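Structure first, then comments.
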Amino acid sequence: MATSWTRLSSIQKIALGLGIAASKAIALVLNRRYRESREERLTFVGEDNIKIEMRVPQEDVKLIIGRQGANIKQLRKQTGARIDVDTENVGDERVLPISGIPVQVYKAKAAIHQILREKKHPGV
């Protein structure tokens with residue numbers, strides 16, 4: 001292989017290097033989209049409302065619900081979205097159906113992500 005590499009022109013080496021970098025970038029984008037597609041499913045409900053199903057690790061559900069439901073009540077109040085917790089597990093995850101107008105749903109999704117991020121990285 002070393003002899004094959006030395007036979008390549010500088011332009012060919014650069015093109016090969018860029019091709020590998022582009023392939024890696026494409027793989028990263030596709031992987032991220034796959035993870036995001038597993039995380040939620042979007043459904044349109046009525047004219048203006050949407051519903052997503054967000055998947056959350058089972059052990060993190062208690063953070064979202066909070067003591068006596070305090071956290072989820074606060075999330076509902078702050079975002080205006082309807083946030084529920086399905087009673088059945090999907091593997092090691094629970095489904096959180098979130099519905100409302102798009103801005104409410106995405107505020108709720110962002111708030112839940114923030115709760116999960118703070119658990120993983122306290123003080124961030």
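Within region 25-45, is there a residue that is among the β-branched types (V, I, T), in contact with a strand residue (DSSP E or B) (Cβ under 6 Å, 6 or more places away or on another chain) and modelled with pLDDT under 90?
Step one: list which residues in region 25-45 are among the β-branched types (V, I, T), which gives 26, 29, 43, 45.
From the residues that got through so far, the ones that are in contact with a strand residue (DSSP E or B) (Cβ under 6 Å, 6 or more places away or on another chain) too are 43, 45.
Add one more test, that the residue is modelled with pLDDT under 90, and what stays is 43, 45.
Scanning region 25-45 turns up at least one residue that is among the β-branched types (V, I, T), in contact with a strand residue (DSSP E or B) (Cβ under 6 Å, 6 or more places away or on another chain) and modelled with pLDDT under 90.
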Within region 77-109, count every residue that is at negative phi, part of a loop (DSSP other than H, G, I, E, B) and in contact with a helix residue (DSSP H, G or I) (Cβ under 9 Å, 6 or more places away or on another chain).
4
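I want to confirm something. Restricting to region 92-124 and keeping residues that are among the small types (G, A, S) and under 17 Å from the mean Cα position of the chain (by Cα), which single residue is most open to solvent (accessible area, probe 1.4 Å)? Give the steps one after another, and end with the answer.
Of the residues in region 92-124, the ones among the small types (G, A, S) are 99-100, 108, 110-111, 123.
Then keep just the ones that are under 17 Å from the mean Cα position of the chain (by Cα); that gives 99, 108, 110-111.
Values: S99: 32, A108: 0, A110: 56, A111: 26 Å².
Per the stated criteria, the residue is A110.
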Note on region 50-105: residues touching a Lys or Arg at 6+ places or on another chain (Cβ under 7 Å) and among the acidic types (D, E) are E53, D60, D86, E93
Which pairs do you get when a residue that is more than 19 Å from G66 (Cβ to Cβ), found in region 96-118, comes within reach of a residue that is assigned to a helix (DSSP H, G or I), reach meaning Cβ atoms under 9 angstrom, with the pair 6+ apart or on two chains?
S99/V105; G100/T79; G100/K107; G100/A108; V103/T79; Q104/T79; V105/T79; Y106/T79
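The values are calculated or read from the model by the stated rules, or taken from the named source; none is laboratory data. These numbers were taken from a predicted model, which means no experiment stands behind them. So basically every Cβ, Gly included, is an ideal-geometry build from the backbone, and we count neighbours across all protein chains shown. What goes into the accessible areas is simple: the full protein's heavy atoms, side chains included, and nothing from ligands, DNA or RNA. Shrake-Rupley method; radii C 1.70, N 1.55, O 1.52, S 1.80 Å.
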